[in-house]
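Trainee: This is the structure, below, for whatever I ask next.
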Amino acid sequence: MSETEIKSIQWFPGHMAKTRRSIKENLSLVDAVVEIIDARIPLSSQNPEMGKMTAGKPRLLVLNKRDMADSNVTDRWISYFRSQGIVAVSMDCKSGKGMKQFTSALENQLLKDLLETRRAKGMSGAPVRVMIVGIPNVGKSSFINRMSGSKKAKVEDRPGVTRTKQWVKLGDRIEMLDMPGVLWPKFEDQGVARRLAFTGAIKDDIVDIETLAMLLLEYLAENYPAALKERYKMDVSGQPGKDLLELLGRKRGMLISGGEVNTERAAIMLLDEFRAGKIGSISLEMPEE
């Protein structure tokens with residue numbers, strides 16, 4: 001499957017340009033920036049422009065959706081980030097696993113010096129203010145709702161739901177500024193674009209859904225063949241994505257007149273099940289790469 005077949009994946013709606021400006025304008029209001037990323041694609045789900053946009057502010061990486069990712073790979077990612085001097089934690093906002101790590105990492109690592117300075121000045125009661133950023137569909141709203149114990153942030157399993165900034169309190173000690181999800185103007189690396197499309201960070205209506213499913217099947221057949229066989233009861237060895245999608249459709253009885261496979265329906269089903277974690281705990285990129 002050629003990368004050129006999906007090289008047109010580009011998406012930069014007007015509200016995202018507005019978010020970029022808003023991030024820069026609101027930086028002076030916060031002590032640190034928390035970037036939520038997808039544990040399945042820790043590099044691809046980082047906005048490469050975030051460093052520039054948040055220059056001068058301490059930044060904490062939260063690898064969300066860790067229950068959907070390969071735990072061994074996630075552990076390697078955490079080690080990798082820490083080796084780069086980056087404070088990083090993993091968690092699953094829907095189940096609540098790993099949530100306690102966040103406050104500890106924020107107060108005891110990222111902002112330790114700032115909080116000690118405040119205590120020395122008798123300002124220990126002042127709340128820590130953090131900006132929550134991330135690309136669409138990485139679970140920012142789920143993170144905020146879980147941390148605050150409320151349902152103030154709108155949650156949907158599709159990109160681009162949060163459109164306006166909002167302040168949310170986490171007890172008396174932390175205040176979070178939730179920013180809308182923001183992608184970047186152009187995908188130079190189509191591997192990144194493809195992985196974002198796999199996880200649903202890019203809207204399906206701008207990609208060829210069948211080509212996307214074929215590429216995902218090829219990746220899973222190479223890296224997680226046992227999970228694919230277990231879920232769909234089919235032989236995946238050495239077959240191209242087109243044949244795998246046809247086979248998947250036949251296994252699920254997705255036939256149209258003449259006995260042909262409805263590959264579009266099969267593609268939609270595959271992507272929906274992958275994004276729901278039904279195929280297994282899968283990582284789409286490794287730190288060694």
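Trainee: Let me spell it out: the conditions are (1) more than 25 Å from residue 288 (Cβ to Cβ); (2) without any contact (Cβ under 8 Å) to a residue 12 or more places away in the chain, and residue 94 meets all of them except one. Which number is the exception?
Mentor: Residue 94 satisfies every listed condition except (2).
Trainee: Kindly evaluate residue 196 against the criterion of being hydrophobic (A, V, I, L, M, F, W, C) and assigned by TED's automatic domain parsing to the domain that holds residue 269.
Mentor: On the way: hydrophobic (A, V, I, L, M, F, W, C): yes; assigned by TED's automatic domain parsing to the domain that holds residue 269: no.
So residue 196 fails the test.
Trainee: May I pose another question? Among the acidic types (Asp, Glu), in a helix (DSSP H, G or I) and touching a strand residue (DSSP E or B) at 6+ places or on another chain (Cβ under 8 Å): does that describe residue 264? Write out each step before concluding.
Mentor: Working: among the acidic types (Asp, Glu): yes; in a helix (DSSP H, G or I): yes; touching a strand residue (DSSP E or B) at 6+ places or on another chain (Cβ under 8 Å): no.
It is false that residue 264 is among the acidic types (Asp, Glu), in a helix (DSSP H, G or I) and touching a strand residue (DSSP E or B) at 6+ places or on another chain (Cβ under 8 Å).
Trainee: Looking at (1) touching a Lys or Arg at 6+ places or on another chain (Cβ under 8 Å); (2) in a loop (DSSP other than H, G, I, E, B), which is the one condition that is false for residue 95?
Mentor: Here residue 95 meets the rest and fails (1).
Trainee: Please determine whether any residue of the stretch 217-236 is at pLDDT 80 or above, buried (at least 16 other Cβ atoms within 10 Å of the Cβ), small (Gly, Ala, Ser) and under 23 Å from residue 277 (Cα atoms).
Mentor: yes
Trainee: When you go through 41, 9 one by one, which is the residue that is modelled with pLDDT of 95 or more and assigned to a loop (DSSP other than H, G, I, E, B)? Write out each step before concluding.
Mentor: Values: 9 fails: modelled with pLDDT of 95 or more.
The conditions single out 41.
Trainee: Further question: In the stretch 106-120, what count of residues is obtained for those that are hydrophobic (A, V, I, L, M, F, W, C) and under 27 Å from the mean Cα position of the chain (by Cα)? Outline the logic, then answer.
Mentor: Quick first cut of the stretch 106-120, residues hydrophobic (A, V, I, L, M, F, W, C) only: 106, 110-111, 114-115, 120.
When the remaining residues are screened for being under 27 Å from the mean Cα position of the chain (by Cα), the result is 106, 110-111.
Selection size over the stretch 106-120: 3.
Trainee: Here's something else I'd like to know. For the stretch 33-52, which positions are over 14 Å from the mean Cα position of the chain (by Cα) and surrounded by 19 or more Cβ atoms within 10 Å (Cβ to Cβ)?
Mentor: Scanning the stretch 33-52 gives 33, 50.
Trainee: Can you tell which of 178, 208, 189 is surrounded by 18 or more Cβ atoms within 10 Å (Cβ to Cβ) and of a type in the set (Asp, Glu)?
Mentor: Numbers: 208 fails: surrounded by 18 or more Cβ atoms within 10 Å (Cβ to Cβ); 189 fails: surrounded by 18 or more Cβ atoms within 10 Å (Cβ to Cβ).
That would be 178, the only listed residue that is surrounded by 18 or more Cβ atoms within 10 Å (Cβ to Cβ) and of a type in the set (Asp, Glu).
Trainee: Does residue 245 satisfy the criteria of being more than 22 Å from the chain's Cα centre (by Cα), without any contact (Cβ under 8 Å) to a residue 24 or more places away in the chain and outside the structural domain of residue 45 (by TED's automatic domain parsing)? Let's see the steps before the verdict.
Mentor: Working: more than 22 Å from the chain's Cα centre (by Cα): yes; without any contact (Cβ under 8 Å) to a residue 24 or more places away in the chain: no; outside the structural domain of residue 45 (by TED's automatic domain parsing): yes.
So residue 245 fails the test.
Trainee: Follow-up question, since we're still on this one. Hey, among the residues in the stretch 86-128 that are among the acidic types (Asp, Glu) and farther than 22 Å from residue 42 by Cβ, which one's surrounded by the most Cβ atoms within 10 Å (Cβ to Cβ)? Full working, then the answer.
Mentor: First, pick out the residues of the stretch 86-128 that are among the acidic types (Asp, Glu): 92, 107, 113, 116.
Still in the list and also farther than 22 Å from residue 42 by Cβ: 107, 113, 116.
Numbers: 107: 15, 113: 9, 116: 11.
The residue in question is 107.
Trainee: Looking only at the stretch 266-285, decide whether some residue is more than 25 Å from the chain's Cα centre (by Cα) and either free of Cβ contacts under 8 Å to residues at least 24 places away in the same chain or surrounded by 15 or more Cβ atoms within 10 Å (Cβ to Cβ) (or both).
Mentor: Let us first name the residues in the stretch 266-285 that are more than 25 Å from the chain's Cα centre (by Cα), namely none.
No, the conditions are met nowhere in the stretch 266-285.
The values are calculated or read from the model by the stated rules, or taken from the named source; none is laboratory data. Predicted model only: the values in this text are computed from it and were never measured. Reconstructed Cβ throughout: ideal geometry from the backbone, glycine too, with neighbour counts over all protein chains shown.
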